[in-house]
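Presented below is the structure to which this report refers.
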Amino acid sequence: MDTSDITVSARFPQGRARPFVMVIFGASGDLAHRKIMPAVYELCCGKAWPAKTLVVGYGRAELDTGGFRDGLRQAVREHARSAFDEGVWRDLAGRIHYHRGEYGSREDFERLRARLESLTAEADLPPNYLFYLSTPPGQFEDVIAHLGASGLARKGAAGDEPWSRVVIEKPFGRDLDSARRLNGLLAEVFDEAQVYRIDHYLGKETVQNLLVMRFANSVFEPIWNQKYIDHVQITAAETSGVGGRGSYYDSAGALRDMLQNHMMNLLCLVAMEAPASLEADAVRDEKVKVLRSLRPIPPDCAAFGVIRAQYGPGEADGRTFRDYTGEPGVAAGSSTETFIALKLNIDNWRWAEVPFFVRTGKALAQRVTEIVIQFKPVPPVLFNRPPTGPMQPNQLVVRVQPDEGISMRFQVKQPGSPLKIEGVPMHFGYAGTFGRKVPEAYERLILDAATGDPTLFIRSDEIEAAWSFVMPILAGCDRVRGRALPRYAPLSWGPREADDLIAAGGARWHTPAAMDPRQAQR
Ligand SMILES: NC(=O)c1ccc[n+]([C@@H]2O[C@H](COP(=O)([O-])OP(=O)(O)OC[C@H]3O[C@@H](n4cnc5c(N)ncnc54)[C@H](OP(=O)(O)O)[C@@H]3O)[C@@H](O)[C@H]2O)c1
């Protein structure tokens, strides 16, 4: 049977959302303006946003609906990926409202309830509520408790109308205890199926494509194991320093800010077994198994075997960087890391003794997130020995951002003689192939929450398994708190110790520029 024209539908499913009310807590903030509302605007442009859906911003800022709309209009103009369309905006803006209130006040939540009841009655909408917690994490517990006490959250109504769901931003806890406490509080007010813990990395096209690449092609899966793969590298690098977020960052560091969530999610998608189905829980079950198979890193090893560093002062690329400890909001003498690198092992049959080298940091040489699958070298016969060898092993690079795409490096014969062999990249780029800008992660995730698909969100056991793995590392870091961390030059690839870490495993870090599509087209 020719199956080539069977449409592979449904995954990831995007059933049409029914009209609802999105209530954004912390609506005057950065995320609401830079990401959430531009994403909603894009969904409106693409006609994916259900007509009549209302947006209600909630916060303490002294704003009225008019002022709130004006600020959002400016933000959408600046941050949406599509050109600004006055008609689309006007239609959306007419359904945006602002409600002033405190996060810890029962009366204010009761007033919010009355306002929502009146808005839904006026617009002839069912009371379907998507509560988006976009405040700093210090307010999460108050908001959840008051959603419960005011009766705005209706436990158990995940799918059937009227439904209520909650989207909760990262960071989800700052350790295992606080994550468990937050999970416990959520469980008092919502069913797990109503809770959407966001990790925006999971909304990125390339990240979702990891599963498609692995399980919709016959060439990758048979070699996706310790027999053929030498090691895996995951890099998430930013060129910016901590900027205006010094005080938040200093209390988190690269471990909490990136490793515990984004990097763990990428690792799970690379390493997980094929799920039994594409149902949300089947996918998330497999991710949890990966987290539970991670070889623990005891505190003693973490103190010395996990590379942590801070960016130092310097001039690079026309920019001046302060020493991290001199950044506004950062404690003098802080030992919070802006860079972390470590080696992980997954103790299961598929990955036995395949190291996963993971690194992330700020003020690094390039803004890039990528996953490198380094295959084992071919045997030292025929070509992989002098005079044509040693040769670079095959490498598959999944670029998560920017320039989303996939590159495969393989060996070819250079034209002419004598026989010379060169590793060349074969490149697939989303933008080039599909000819349009890739949707922002928030567009996908907000729509999934609106349609009730939690596949790309983190389940409670998943978040606790990730924290359980990270806790001994944090304990190891605490043991050496107060000790100065190594510095790395701004806009470099981090400290020498990170190179030593991977070199000890007989490898070296992939240099992302080598997979630049412009080079790949050579
Ligand atoms: N910004 C990002 O790029 C980004 C990325 C990933 C995750 N997140 C997460 O998303 C959430 C919102 O981020 P954000 O950058 O929008 O935060 P933000 O601008 O600092 O705060 C959002 C709003 O929360 C309210 N708020 C309540 N308590 C506050 C407090 N103690 N300090 C400051 N503001 C307070 C403020 O509104 P009112 O004063 O009007 O109440 C503020 O405008 C956070 O949990 C953050 O970790 C943000």
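Some points to look at:
- Criterion (touching an Asp or Glu at 6+ places or on another chain (Cβ under 7 Å) and assigned by TED's automatic domain parsing to the domain that holds LEU43) met by exactly one of ASP91, ASP108: ASP108
- Check on ASN183, touching a residue at least 40 places away in the same chain (Cβ under 8 Å), among the polar types (S, T, N, Q) and under 24 Å from LYS343 (Cα atoms): no
- The one condition in (1) within 20 Å of THR338 (Cα to Cα); (2) part of a helix (DSSP H, G or I); (3) touching a strand residue (DSSP E or B) at 6+ places or on another chain (Cβ under 6 Å) that THR206 fails to fulfil: (1)
- Flag if TYR98 is over 30 Å from MET263 (Cβ atoms) and within 16 Å of the ligand (Cβ to nearest atom): yes
- Residue in the range 467-490 that is of a type in the set (Ser, Thr, Tyr) and outside any strand (DSSP E or B) present: yes
- Scan of the range 380-412 for residues that are of a type in the set (Val, Ile, Thr) and within 27 Å of LEU210 (Cβ to Cβ), ordered by number: VAL397, VAL398, VAL400, ILE406, VAL412
- The listed residue being assigned to a loop (DSSP other than H, G, I, E, B), crowded, with 18+ Cβ neighbours inside 10 Å and assigned by TED's automatic domain parsing to the domain that holds LYS362, out of GLY241, GLY253: GLY241
- Failed item in (1) outside the structural domain of GLU273 (by TED's automatic domain parsing); (2) closer than 30 Å to LYS437 by Cβ, with THR388 passing the rest: (2)
- Some residue of the range 153-163 being farther than 28 Å from VAL400 by Cα, within 26 Å of the chain's Cα centre (by Cα), at pLDDT below 95 and more than 16 Å from the ligand (Cβ to nearest atom): yes
- One residue from ARG60, ARG77, ARG34, ARG111 being modelled with pLDDT of 95 or more, more than 23 Å from GLU161 (Cβ to Cβ), touching a helix residue (DSSP H, G or I) at 6+ places or on another chain (Cβ under 6 Å) and not aliphatic (A, V, I, L, M): ARG34
- Pairs with Cβ under 9 Å, 6+ apart, first in the range 479-492 and touching a residue at least 40 places away in the same chain (Cβ under 8 Å) and buried (at least 18 other Cβ atoms within 10 Å of the Cβ), second among the polar types (S, T, N, Q) and assigned to a strand (DSSP E or B): LEU485/GLN310; ARG487/GLN310; TYR488/GLN310; PRO490/THR320
- The range 350-385: number of residues that are of a type outside the set (A, V, I, L, M) and without any contact (Cβ under 8 Å) to a residue 12 or more places away in the chain: 4
- Some residue of the range 279-297 being modelled with pLDDT of 95 or more, among the polar types (S, T, N, Q) and assigned to a loop (DSSP other than H, G, I, E, B): no
- Boolean, LYS343 is without any contact (Cβ under 8 Å) to a residue 60 or more places away in the chain and not aromatic (Phe, Trp, Tyr): no
- Count - residues of the range 300-345 that are part of a strand (DSSP E or B), farther than 12 Å from ALA363 by Cβ and in contact with a Lys or Arg (Cβ under 9 Å, 6 or more places away or on another chain): 5
- Selection status of GLU110, surrounded by fewer than 18 Cβ atoms within 10 Å (Cβ to Cβ), touching a residue at least 24 places away in the same chain (Cβ under 8 Å) and farther than 16 Å from ALA32 by Cβ: yes
- If you go through the range 328-340 and keep only what is over 16 Å from ALA302 (Cβ atoms), small (Gly, Ala, Ser) and in contact (Cβ under 8 Å) with a residue 40 or more places away in the chain, you end up with GLY329, ALA331, GLY333, SER334.
- Residue selected from the range 26-47 under the condition surrounded by fewer than 18 Cβ atoms within 10 Å (Cβ to Cβ) and over 28 Å from GLN139 (Cα atoms), by the criterion nearest to the ligand (Cβ to nearest atom): GLY46
- When residues of the range 171-203 are limited to those that are farther than 15 Å from VAL143 by Cβ, within 16 Å of the ligand (Cβ to nearest atom) and in a helix (DSSP H, G or I), the one nearest to the chain's Cα centre (by Cα): TYR201
- Residue match in the range 217-232 (condition: surrounded by 17 or more Cβ atoms within 10 Å (Cβ to Cβ), assigned by TED's automatic domain parsing to the domain that holds ALA484 and at pLDDT below 95): no
- Any hit, the range 310-332, residues being buried (at least 23 other Cβ atoms within 10 Å of the Cβ), in contact with a Cys (Cβ under 9 Å, 6 or more places away or on another chain) and at pLDDT 95 or above: no
- Only a single item in (1) away from the ligand (no atom under 16 Å from the Cβ); (2) part of a helix (DSSP H, G or I); (3) touching a strand residue (DSSP E or B) at 6+ places or on another chain (Cβ under 9 Å) is not met by PRO19, and it is number (2).
- Residue, surrounded by the most Cβ atoms within 10 Å (Cβ to Cβ), within the range 132-145, restricted to residues that are under 11 Å from GLY26 (Cβ atoms) and more than 9 Å from the ligand (Cβ to nearest atom): TYR132
The values are calculated or read from the model by the stated rules, or taken from the named source; none is laboratory data. Quantities reported herein were computed from a predicted structural model and do not represent experimental measurements. Positions of Cβ are generated from backbone atoms using ideal geometry, with glycine treated the same way; all protein chains shown enter the neighbour counts.
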